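Read through the structure below, which is laid out as structure tokens, and then see the notes.
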Amino acid sequence: MRGSIGVFDSGFGGLTILKEIMKVMPEYDYLFLGDNARAPYGTRSFEVVYQYTRQCAKYLMDNNCPLVVLGCNTASAKALRTIQQKDLPTWWSENRVLGIIRPTVENILQRTQTKHIGLFGTSGTINSNTYPLEFAKTDPEVVVNGCACPMWVPLVENGEYDSPGADYFIEKKVNELMEMDPEIDTIILGCTHYPLLLPKIEKYVPSNVAIVPQGRIVADSLRDYLNRHPEMDERLSKNGERRFLTTESVEKFQTSAKIFLNTEKNIEAERVIF
């Protein structure tokens, strides 16, 4: 029996990843799970993020998702490696869980000229030091300066991402990052909520600095992965179906999902309780 591609996020941001994946690979079936009741993960400890992410990844696999993408930087930073090494062998050794940090790093290494990288992210992603460590594995000369933006996710989640009030918080953090290292030529939007803030971020970032959302990078990387692993591709169904699960209010999820997916279509969602 073939299954869906599972996409997990602690909240709504992973929908920006899913949107790009569906553009690149519309024929596949997808099952999205947002752990909205326990969001945000960004300020939680490694152990708590691991336990929550582990639970959600297992749920998706129990619901016939042989391949799960952690569409969340915090979960990818704090839980992916442990799940891959410790849990998957005891669940289904032939299943896979993929993150979004490694594909991002590989892409950025091809873009940067100065090897000075800026990173906007949650406190959890910045404090994990995962991005600098990943860059160092390939190119130790890369310099990464991270800037935690604790107000940015609430701006998006409360529908204030395009309001005049958002400019203050965005300009402040852009200036903070560029003052850390004026040689930065590429900035990673290291949180899947941040693409909704992109028009405002572009207002304050110097024009010679590239700003890189992760959605298309992850989508292209996933397509490449399936091309290189036909045995996994064979296990995936291709009926163009999409299902959405949330651990919080269905009504709230459906309203916010339309914003993150940039669609006027009604999003049908189901609630799951852990």
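The values are calculated or read from the model by the stated rules, or taken from the named source; none is laboratory data. This one's a predicted model, so the numbers in the text were calculated from it and none came from an experiment. Heads up, the Cβs are rebuilt from the backbone with ideal geometry, glycines too, and the neighbour counts pull from every protein chain shown. Only protein heavy atoms, including side chains, enter the accessible area calculation; ligands, DNA and RNA are left aside. Shrake-Rupley method; radii C 1.70, N 1.55, O 1.52, S 1.80 Å.
General remarks:
- The residue of the range 58-74 that is farthest from ARG243 (Cα to Cα), among those that are assigned to a strand (DSSP E or B) and in contact with a Gly (Cβ under 6 Å, 6 or more places away or on another chain), is LEU70.
- Exactly one residue out of LEU197, LEU226 is in contact with an Asp or Glu (Cβ under 7 Å, 6 or more places away or on another chain), modelled with pLDDT of 95 or more, open to solvent by less than 20 Å² (accessible area, probe 1.4 Å) and not polar (S, T, N, Q), and it is LEU226.
- ARG44, sole failed condition from (1) in a loop (DSSP other than H, G, I, E, B); (2) at pLDDT 95 or above; (3) touching a helix residue (DSSP H, G or I) at 6+ places or on another chain (Cβ under 8 Å); (4) of a type in the set (D, E, K, R): (2)
- ALA77 within 23 Å of GLY215 (Cα to Cα), open to solvent by 10 Å² or more (accessible area, probe 1.4 Å) and part of a helix (DSSP H, G or I): yes
- Filtered residue count, the range 77-105, keeping only those that are among the small types (Gly, Ala, Ser) and modelled with pLDDT of 95 or more: 2
- Within the range 131-204, helices (runs of 4 or more DSSP H) holding 2 or more residues that are without any contact (Cβ under 8 Å) to a residue 12 or more places away in the chain: 164-180
- Filtering the range 97-147 to residues that are open to solvent by 80 Å² or more (accessible area, probe 1.4 Å) and over 17 Å from the mean Cα position of the chain (by Cα) leaves GLN110, ARG111, GLN113, LEU133, LYS137, PRO140, GLU141.
- Only residues that are hydrophobic (A, V, I, L, M, F, W, C), free of Cβ contacts under 8 Å to residues at least 60 places away in the same chain and surrounded by 13 or more Cβ atoms within 10 Å (Cβ to Cβ) were counted across the range 241-274, and they come to 3.
- Of the residues making up the range 1-41, those that are open to solvent by less than 10 Å² (accessible area, probe 1.4 Å), in a loop (DSSP other than H, G, I, E, B) and over 16 Å from GLN254 (Cα atoms) are MET25, ASP29, TYR41.
- Scan the range 205-215 for residues that are within 16 Å of LEU109 (Cβ to Cβ) and not in a loop (DSSP other than H, G, I, E, B) and the total you get is 2.
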